[in-house]
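Chemist: Below: one structure in structure tokens.
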Amino acid sequence: MPDTSLGFKIIKDVVRQRHLDQLSAHPKLYAEPLKTMPVFATREDIVQWSEESKAQIAQGQADRVYGGPIGSPLNLNNAFMAFMESATVYLRDTSKVLDAVQKYQAGHVEEALRLLEDSTRIIDEIAEMWGMEFVQICDLPERHPDGHSFLVGPYCGAFFPKDFSGHNPFIGIAYKGTSNFGEFLNDLLAASTIKASGRLWNTEVCSGFYYPLFSTYSAKTLTTTAAVTSTMPFVMVQQAVQDLITRATTTVITHVTGHSLGGAYATLTHGQLCIEGFGAAGAAVGDLYTFGGPRAGRGDFATLFKASVAPPTDQGSTWRIVNYKDYIPKVPASKPLIPVSNPFVHIDAGVMVYPDKQPESLPSEIGTKPTWSIPTAISPHYTTEYYKSLVFATTGKPPVSATLARAPHSPSLSTYNTTQVTAKLEPETRNALPGAEVTFEPGHGGFVVGKVRYGHFLGEIVALGTLSEVSQNPQFFCDSMEALYGKENHAVFSVKDGKTLEVRFIVDDQEVAVARASTSEDIDQVPTRGVCRFYDDGTLEAVEQSVAQSAAAVFQHASA
């Protein structure tokens, strides 16, 4: 077997240097905004999964993660391999990326390349367990697309076997899902759409997914059209595959995958690849596997996507995997009772997986009008829960391990049960906190924003949905401001007596605050829930800068 390690090191360094050129053009660099979300597994989880699931991984690799043309049955081992890639890309080290860019800007190229390589060390270690390698393609979750100061870009990388020059070369393009507040704004803005002029069959797709993928980054600092275009994440994917296939001796099968927000990116990427390919011979567009992805576009997109992968085209199969009770694939959705000619719908080939029974096919959404439903839990969206269901799907048994690790930095975000929330605040609501200011901005961009200011505390609220004008006599009642400060809070919206909006703040299954606002007319619609974070006014300037950069420094778990 020829030694391809040196050749791949050169290619990976070329990809990394291209990436450093892109990142170093940004005048400001930021670490992960505020804190990350507990939707992904830890290194310890994935190492454990890799040991427990060697058979599924090996079979998926033997199949090149390719299940055949559209209409082929779902190969669960292929889906499992793609899921492992999707779960693993969450583990990149942002701090090393920032250090690398600073070294590169100072002219220390070799040190910068070493640091950028080290930023994916954990991913590399896990890929090594699979007999594979990994190269980072784009790392933009703290960068804004040109012309879109409230959005951030994607993170993706490529997995490929060490024996890339052998008989079964394949490349897995994996997108990271939501893990910071800026990325979550992309999810929030999914409720607005853009007509993808010149791409994706000129259909309507979600703005929060389209712009980060098909925009350029820091184009003002570049002087040629080619240089500007090369900063577009979709083009970076094409370029990376072009670089990698130079080491192959036969056609390389590719697949695209992602969890959560990554699933939406993967869907749009696969769609555009079906149109234009990779721009070079030697790479075939294979399968698409998404896990817990939101709807990426409207009915026209789903319809033409389906037509583009139908026979006699030679693209691979497309699979949309949904865990039982995962709410995220149900958004965005159209509003009930409001006529719409082009509703949000999923692409076809949906499959629901369960932790205790075999998978089931999901009906097509094309030609239907899915509407909002009440979220019941966020935990089924976690990669740890998808792992349990995919293990059962591939083996007929639950995982060997009884419990799975949680990221040490992740807050407790257990889904509350409204019947168990104690109304300890209720007797204290006779006296509102004097001087509290409560404001709401209804129906802004498809979501509701609000603020609660009291003394040196400032709370920022975000929830998807619509809201009538509720500015009359707002009041704020609180059991303990200390219980709210710096914690993740469920903000639960409801209507009392038809004319009073109530927003109840739940922390650890305890109701610790209520905001109330009266209206002169009946309130017909309210969001179901959102999230509010309270900050200390002493750091308000820095906080508001972060909020301005990410459009709302909050995480609304019902619509990641």
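Chemist: Determine which member of the set GLY60, GLY68 is surrounded by 22 or more Cβ atoms within 10 Å (Cβ to Cβ) and either over 21 Å from the mean Cα position of the chain (by Cα) or assigned by TED's automatic domain parsing to the domain that holds LEU261 (or both). Before the answer, list the steps.
Modeler: Values: GLY68 fails: surrounded by 22 or more Cβ atoms within 10 Å (Cβ to Cβ).
Unique residue meeting the criteria: GLY60.
Chemist: Give me the helices (runs of 4 or more DSSP H) completely within the stretch 40-90, filtered to those with at least 3 residues that are under 16 Å from HIS255 (Cα atoms), out of contact with any His (no Cβ under 8 Å at 6 or more places or on another chain) and at pLDDT 95 or above, ordered by residue number.
Modeler: 54-62, 76-88
Chemist: Please determine, by comparing only the residues of the stretch 285-301 that are surrounded by fewer than 24 Cβ atoms within 10 Å (Cβ to Cβ) and out of contact with any Gly (no Cβ under 8 Å at 6 or more places or on another chain), which one is modelled with the lowest pLDDT.
Modeler: Selected residue: ARG298.
Chemist: So, one more: Filter the stretch 451-462 down to the residues that are touching a Leu at 6+ places or on another chain (Cβ under 9 Å) and part of a strand (DSSP E or B), then identify the one that is farthest from CYS478 (Cα to Cα).
Modeler: VAL462
Chemist: Please state which of the following conditions LYS496 fails to meet, knowing it meets all the rest: (1) crowded, with 20+ Cβ neighbours inside 10 Å; (2) at pLDDT below 80; (3) of a type in the set (Lys, Arg).
Modeler: So LYS496 meets the others, but not (1).
Chemist: For the stretch 292-333, enumerate the residues that are in contact with a Ser or Thr (Cβ under 7 Å, 6 or more places away or on another chain), within 21 Å of THR371 (Cα to Cα) and polar (S, T, N, Q).
Modeler: Result: ASN323, single match.
Chemist: Can I ask one more? Which residue is modelled with the highest pLDDT, if the candidates are limited to the stretch 91-119 and must be in contact with a Lys or Arg (Cβ under 7 Å, 6 or more places away or on another chain) and part of a helix (DSSP H, G or I)?
Modeler: LEU91
The values are calculated or read from the model by the stated rules, or taken from the named source; none is laboratory data. Nothing here was measured: the structure is a model prediction, and the numbers come from that model. FYI the Cβ positions are ideal-geometry reconstructions off the backbone, even for glycines, and counts take in every protein chain you see.
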